[in-house]
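Data block below; observations after.
The values are calculated or read from the model by the stated rules, or taken from the named source; none is laboratory data. On a predicted model such as this, the values are computed, not experimentally measured, just so you know. Cβ atoms come from the backbone with ideal geometry, glycine included; neighbour counts cover every protein chain shown.
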Amino acid sequence: MNIALIGYGRMGKEIEAAAKERNHEIPLIIDIDNSNELNEQNLKNIDVAIEFTIPESAFNNIMTCFNANVPVVSGTTGWLDNYETVKSYCDSQGKTFFYAPNYSIGVNILFKVNAYLAKIMNNFSNYEVGIEETHHKYKLDSPSGTAIKLANDIIQRIDRKKLWEEDTDLNDETINIHAIREDNIPGIHTITYDSDIDSISLTHSAKSRKGFALGAVMAAEFTKDKSGLYSMDDLLQID
């Protein structure tokens, strides 16, 4: 496939390497210095765009690709106020959009285990649940999209939990997310249930960005000849 890379930071470079290992071509690379080159003419021969940028530019990048009839795989977080607009456009115009807050296969397994554990813990109100996430100091959004999804999945399954907040005081209705930004850490996420007598923790720790990059390229391959909205659940088919 011909893949356009939109965003050429650390993650973009890892995606480029993963795509080439799987025998794909990268004829178009867009970064902050040449953002004006993201247009219908340059997207003419592109099979799919992989978009990892910043929240402020993600929505416009996605719509530009849609207008050029190019499917989009996006891993940018922090822009989801516009998600319903993208969904509506896919539904009405037959566009293709694959979105995940995290493309790591391991993290998506964590999502499933987290949801299952939360369903069990709904019956054990003596446990207080919290989330801690650690990323490199260059990550712009806080908390991470992965941490937010983990929290929302818990809220859907534990009746006493109504919302998440970042660095809040413990209370019965709120899940506290503590975000740490330091060094060059690819990503660590820990969910902890704590009681007076013991603790239960789930942790995923990324060793590098290679797992995220591979997942994004696999998502791009998955979108070929499809239309509609997709996620890692569709790609991995984890029950």
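Within the range 226-239, the presence of at least one residue that is part of a strand (DSSP E or B), assigned by TED's automatic domain parsing to the domain that holds GLU14 and hydroxyl-bearing (Ser, Thr, Tyr) is confirmed. Residues in the range 58-77 that are surrounded by 18 or more Cβ atoms within 10 Å (Cβ to Cβ) and over 19 Å from LYS226 (Cβ atoms): ALA58, PHE59, ASN61, THR64, THR76, THR77. When ILE29, ILE50 are checked against the criterion of being crowded, with 20+ Cβ neighbours inside 10 Å, at pLDDT 95 or above and not aromatic (Phe, Trp, Tyr), a single residue qualifies: ILE50. Taking the range 33-125 and the helices (runs of 4 or more DSSP H) fully enclosed by it, the elements with 1 or more residues that are on the phi < 0 side of the Ramachandran plot and of a type in the set (Asp, Glu) are at 55-67, 83-93. Evaluating LYS139 against the criteria (1) in the same structural domain as ASN176 (by TED's automatic domain parsing); (2) touching a strand residue (DSSP E or B) at 6+ places or on another chain (Cβ under 9 Å); (3) at pLDDT 95 or above leaves one unmet condition, (3). Could you tell me whether any residue of the range 203-216 is assigned to a loop (DSSP other than H, G, I, E, B) and closer than 30 Å to ASN122 by Cβ? The answer is yes, given that some residue of the range 203-216 is assigned to a loop (DSSP other than H, G, I, E, B) and closer than 30 Å to ASN122 by Cβ. For the range 197-227, give me each residue that is of a type outside the set (A, V, I, L, M), surrounded by 15 or more Cβ atoms within 10 Å (Cβ to Cβ) and more than 15 Å from the chain's Cα centre (by Cα). GLU221, PHE222, THR223 - these are the residues of the range 197-227 that are of a type outside the set (A, V, I, L, M), surrounded by 15 or more Cβ atoms within 10 Å (Cβ to Cβ) and more than 15 Å from the chain's Cα centre (by Cα).
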